[in-house]
Amino acid sequence: MRSKRAKVKVILPDAKYGSVQVAKLINRAMIDGKKSVAQKQVYNALEIASKKSGMKPLELLDAVLEAVTPQMEVRSRRVGGAAYQIPMPIRGVRGLSLATRWLVTESNKRPNKQYHTYADKLAAEMLDSLEGQSGSVNKKNSSHKMAEANKAFSHFRW
């Protein structure tokens, strides 16, 4: 266990939209420290998805993150030699970070033949998330199913 609480790193809002969530998405999508490349791809993805959905880019991102953010997760806890999966509610910051992580990883899993750029992949993942049919929404649902299945161990919560 930690002796001290971890310090929360302050992330500056992005330049185009002035949103911290967009900046976090850019940081998560960044590969090998190439932030300008990640910015272009994320901004293009937001533009593509907003044109197809008819929503503003920030409203779209908020709706996508709300659709993907989990409410419950399971955590391991050892009790008397046995490890139990205990369902726990997720705090807001962790839920949003899980949502952005799942969004980026699931968009990376999409096939290259069907989409030309990473912006196309991310936009498609966002639009599918709004419809509830993306891989990131499936991850959220599987997290909730695990929590529901292990509800019997919730009395071990610390």
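The values are calculated or read from the model by the stated rules, or taken from the named source; none is laboratory data. Predicted model, so just to flag it, every value in this text is computed and none were measured. FYI the Cβ positions are ideal-geometry reconstructions off the backbone, even for glycines, and counts take in every protein chain you see.
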Selection status of N112, assigned to a loop (DSSP other than H, G, I, E, B) and free of Cβ contacts under 8 Å to residues at least 40 places away in the same chain
yes
Can you find a residue that is surrounded by 15 or more Cβ atoms within 10 Å (Cβ to Cβ) and either in contact with a Cys (Cβ under 9 Å, 6 or more places away or on another chain) or within 26 Å of A15 (Cβ to Cβ) (or both) anywhere in the range 109-117?
yes
Could you list, in sequence order, the residues of the range 118-158 that are exposed (fewer than 12 other Cβ atoms within 10 Å of the Cβ) and among the acidic types (D, E)?
E131, E148
Which condition from (1) in a loop (DSSP other than H, G, I, E, B); (2) at pLDDT below 95 is the one that D32 breaks?
(2)
Taking only the range 28-52 into account, find how many residues are over 20 Å from S97 (Cβ atoms) and β-branched (V, I, T).
2
I need the full set of residues from the range 99-117 which are touching a Ser or Thr at 6+ places or on another chain (Cβ under 7 Å) and over 29 Å from E73 (Cα atoms), in order please.
none
Looking at (1) part of a helix (DSSP H, G or I); (2) touching a residue at least 12 places away in the same chain (Cβ under 8 Å), which is the only condition V37 fails?
(2)
Residues being more than 12 Å from Y43 (Cβ to Cβ), among the polar types (S, T, N, Q), outside any helix (DSSP H, G or I) and within 17 Å of the chain's Cα centre (by Cα): count how many of those fall in the range 1-29.
0
Residues located in the range 48-101, provided they are in a helix (DSSP H, G or I), in contact (Cβ under 8 Å) with a residue 60 or more places away in the chain, surrounded by 13 or more Cβ atoms within 10 Å (Cβ to Cβ) and not basic (K, R):
I48, A49, S53, L60, L61, A63, V64, A67, V68, L96, S97, T100
